[in-house]
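K.L.:
Dropping a structure here in structure tokens format, bear with me for questions.
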Amino acid sequence: TEVSGAMLAATLSFIALFIPFLIVPGLVSLLFKELILVIAGIVCISLIIARTVTPMIISLLISQASEIKESLFERFFAWVIRLYGNILSFILKLRWVTVPAFLLILGGAVCLMPKLGSEFLPAVDDGRVMIKVRLPTGAALSETDRILAQLESLIAGDPIIESSFTLVGGKVWGLYTYEIANEGQIDIQLVPKHARKISDKEYIKKIRPLVAKVPVPGGKAMVMKAQIKGIRKLGEADIEVKIKGQELGKLFDLARQTAESMNSLKQLSNVYVSMDMTKPEYRVYVDRARASALGIPVNKVASTLRMLVTGVVATEYREGTEYYDIRVMVPEPKITGKEDLENLVLDTRNGRTIHVRDVAEVRRAVGPVEIAREDQVKQVIVRADPAAGVSVGDATARAAAAAAALTRPPGVSFAMGGQAQMMAENQRTLGMILGFAAFFAFAVLAIQFESFRLPIIIFLSLPVCLAGMVYGLMAGGQAIGATVAIGVFIVIAATVSDGVLLLAFAEELRQTKALRAFDAVLSAAKIRLRPRVMTTVGAIAGFIPLALNLGEGGDLLQPMAVGAIGGLLLEIGAALFLMPALYLLFARDRTTKTVAPDAQPEVGEKGATVP
């Protein structure tokens, strides 16, 4: 009965924190929706059990109060409560010093945050490694196969390789396989994590010097970690600098300069330009005066050449329920050089045949293999991966600085893609989620307390608790990513729960016992010390296996667990000392009645209230 109101308020505010995950759109919400639903379900069930099953079991185990015997732990905890009461009494008298001390802790976390680094999702050690080979355009398929065969021989017989697959003359992107004669890759699957002594990052570091010894004339062989499956927005590399404009020549020149600048940075590896401007091609330049004299429009020259070279679908062939396009075109063996293009027939008039050479000139040239566009704007992408031990956020910032330092022609701009694009979207989504969560939780607490003062005290303690996550991530060597958001909300929920347990009881003592704010919060803090510490320590213990990354796939949630442990550790200090100090700063005694010391509630050795 005594804690039912506090339990209900804490549970409702906890659930309110996670409601925005279900209503705010975004990839982060999509990734963690099921996890949030499970957590919300468990919290609701725990409230029901705490109100029904737990009291029933206690009533069966403890029939009479006289049967409870004081144990060594009870005596120890009674000593802890007395010691805590003495320390808190001293701190409350120096509350104008206590609050600034916690602000200094918060300031230190703000200064350390830029050094943590950032990422979208943590790299998972799933044992998937890729050796990518890119040769100059026009390279024979046999040459690509020869180089990949040499690379295969380097990894052959390695006991930590479970399987490998080589693709020559193409690449796989999503559900599609593209035919590209000058590209190939070796997909390596290492044995499970528990069966090997090195991580996939260490394996990449191990074989990268061996791969570098294989000569790739005019091309490049890169060793990298395979991208996360199912998230195509991440791109082909972790870091992408998108150079946008209308003139491909200027874009390609700036992309090469950007790649050279990025290659000089130690924080980046596997730097390459997505566009290849060396593809041999023929360009047809129409003489408009001659074409006009012969009465042939320029667009007819273009459309006729497109129809003859690439073909046009004239009709369809049906076989059962399937339809197949029939494309009419000049057979490929008939067009082998410049002369064949010049002899193509454009029109026939008055018995006279007009060829391409009569109205145009065919020249040899080189051009791009493909033209990529985003939002109808042409772009060339410079891709790279972070070097070993460098976070994606730090590497992205270095790449952006390198691109920004270059002189850009008029009409040319650049933007960051890859994980940087997802990180920016993640920040916007999490900002909205955090804002809605704070609003819902504050509204629930304000309704429960019928006051704005107590929710404000709790929320003023939150930044200090979240500062503990920064210290935890720094100590654990983890970067800030999307999964850390779950830890943020868990720390907030623990802070709200402890605040409700403390402040609700302090207000009750002030109203029922007519105590001064100092005496009420001191007594409430001592009496509610055990439940506040027990719940937080239990949560910390639950996160330890994830923080140690003991199982398969634990890399994804390790930053969340490490950050949550740091936040919960500092939350204990904030709940035990900062909240009582803030309560006194905001409290206004409604009575000047003096209460004798022996009438104030004190804490017995078992934590019970003694009048």
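K.L.:
Scan R428, R453 and give me the residue that is at pLDDT 85 or above and either surrounded by fewer than 16 Cβ atoms within 10 Å (Cβ to Cβ) or not aliphatic (A, V, I, L, M) (or both).
P.N.:
R453
K.L.:
What pairs come out if I take residues in the stretch 77-92 that are at positive phi and pair them with residues that are loosely packed, with under 13 Cβ neighbours inside 10 Å and of a type in the set (S, T, Y) whose C-beta lies under 9 Å away, six or more apart or interchain?
P.N.:
none
K.L.:
Starting from the stretch 19-37, keep only residues that are open to solvent by 70 Å² or more (accessible area, probe 1.4 Å), then list their pairs with residues that are polar (S, T, N, Q) and assigned to a helix (DSSP H, G or I) whose Cβ atoms are within a distance under 7 Å, requiring at least 6 positions of separation or different chains.
P.N.:
none
K.L.:
Restricting the search to the stretch 230-254, which residues are farther than 21 Å from D394 by Cα, at pLDDT below 85 and not in a helix (DSSP H, G or I)?
P.N.:
Once the filter is applied, which keeps residues that are farther than 21 Å from D394 by Cα, at pLDDT below 85 and not in a helix (DSSP H, G or I), the stretch 230-254 yields G230, I231.
K.L.:
Could you check, for the stretch 550-558, whether at least one of its residues is at pLDDT below 90 and open to solvent by less than 30 Å² (accessible area, probe 1.4 Å)?
P.N.:
yes
K.L.:
Only one residue in V301, V271, V286, V312 is open to solvent by less than 70 Å² (accessible area, probe 1.4 Å) and closer than 24 Å to D394 by Cβ. Which one?
P.N.:
On inspection, the qualifying residue turns out to be V271.
K.L.:
In the stretch 315-334, which residues are surrounded by 10 or more Cβ atoms within 10 Å (Cβ to Cβ), under 23 Å from V284 (Cα atoms) and of a type outside the set (K, R)?
P.N.:
V328, M329, V330
K.L.:
While we're looking at this one, here's another question. Which one of the conditions (1) over 37 Å from the mean Cα position of the chain (by Cα); (2) modelled with pLDDT of 90 or more; (3) open to solvent by 20 Å² or more (accessible area, probe 1.4 Å) does T512 fail to meet, given that it meets all the rest?
P.N.:
Going through (1) over 37 Å from the mean Cα position of the chain (by Cα); (2) modelled with pLDDT of 90 or more; (3) open to solvent by 20 Å² or more (accessible area, probe 1.4 Å) one by one, T512 breaks only (2).
K.L.:
Further question: Out of contact with any Leu (no Cβ under 9 Å at 6 or more places or on another chain), in contact (Cβ under 8 Å) with a residue 12 or more places away in the chain and open to solvent by 50 Å² or more (accessible area, probe 1.4 Å): is that true of E74 in this structure?
P.N.:
no
K.L.:
Output the number of residues of the stretch 156-189 satisfying the condition of being within 22 Å of S269 (Cα to Cα) and either free of Cβ contacts under 8 Å to residues at least 40 places away in the same chain or hydrophobic (A, V, I, L, M, F, W, C) (or both).
P.N.:
Qualifying residue count, the stretch 156-189: 5.
K.L.:
Right, something else. Which residues, taken from the stretch 143-177, are among the hydroxyl-bearing types (S, T, Y) and out of contact with any strand residue (DSSP E or B) (no Cβ under 9 Å at 6 or more places or on another chain)?
P.N.:
Matches in the stretch 143-177: S153, Y176.
K.L.:
Still on this model: Can you tell me which residue is surrounded by the fewest Cβ atoms within 10 Å (Cβ to Cβ) among those in the stretch 459-502 that are closer than 21 Å to L548 by Cα and of a type in the set (S, T, Y)?
P.N.:
If we take residues in the stretch 459-502 being closer than 21 Å to L548 by Cα and of a type in the set (S, T, Y), then Y471 is surrounded by the fewest Cβ atoms within 10 Å (Cβ to Cβ).
K.L.:
Residue check: is E152 without any contact (Cβ under 8 Å) to a residue 12 or more places away in the chain and either in a helix (DSSP H, G or I) or β-branched (V, I, T) (or both)?
P.N.:
no
K.L.:
Would you please list the contacts, defined by Cβ atoms under 8 Å and residues six or more apart or on different chains, that run from a residue in the stretch 198-223 that is polar (S, T, N, Q) to a residue that is open to solvent by less than 80 Å² (accessible area, probe 1.4 Å)?
P.N.:
Cβ pairs passing all conditions: S199/D125; S199/K193.
K.L.:
Can you tell me which of (1) hydrophobic (A, V, I, L, M, F, W, C); (2) open to solvent by 80 Å² or more (accessible area, probe 1.4 Å); (3) over 30 Å from L462 (Cα atoms); (4) assigned to a helix (DSSP H, G or I) is the one F165 doesn't meet?
P.N.:
It fails just one condition, (4).
K.L.:
So which pairs qualify, if the first residue must be in the stretch 517-535 and touching a residue at least 12 places away in the same chain (Cβ under 8 Å) and open to solvent by 10 Å² or more (accessible area, probe 1.4 Å), the second must be among the small types (G, A, S) and not in a loop (DSSP other than H, G, I, E, B), the Cβ gap must be under 7 Å, and the two must be at least 6 apart or on different chains?
P.N.:
Cβ pairs passing all conditions: L522/G85; L522/S89; K526/G85; T535/S497.
K.L.:
Does the stretch 187-229 hold any residues that are of a type in the set (D, E, K, R) and outside any loop (DSSP other than H, G, I, E, B), and which are they?
P.N.:
Residues satisfying the conditions are D187, K193, D200, K201, E202, K205, K206, R208, K220, K225.
K.L.:
OK, next. Looking only at residues that are among the hydrophobic types (A, V, I, L, M, F, W, C) and part of a loop (DSSP other than H, G, I, E, B) in the stretch 564-611, which one is modelled with the highest pLDDT?
P.N.:
A587
K.L.:
Can you pull out every residue in the stretch 4-21 that is polar (S, T, N, Q) and either modelled with pLDDT of 85 or more or within 18 Å of P55 (Cβ to Cβ) (or both)?
P.N.:
Result: S4, T11.
K.L.:
Would you mind telling me which numbered condition in (1) touching a Phe, Trp or Tyr at 6+ places or on another chain (Cβ under 8 Å); (2) within 30 Å of L578 (Cα to Cα); (3) open to solvent by 40 Å² or more (accessible area, probe 1.4 Å) M113 fails?
P.N.:
(1)
The values are calculated or read from the model by the stated rules, or taken from the named source; none is laboratory data. Not measured: the values here are computed from a predicted model. Positions of Cβ are backbone-derived with ideal geometry, glycine not excepted, and every protein chain shown enters the neighbour counts. Heavy atoms of the whole protein, side chains included, go into the accessibility calculation; ligands, DNA and RNA do not. Shrake-Rupley method; radii C 1.70, N 1.55, O 1.52, S 1.80 Å.
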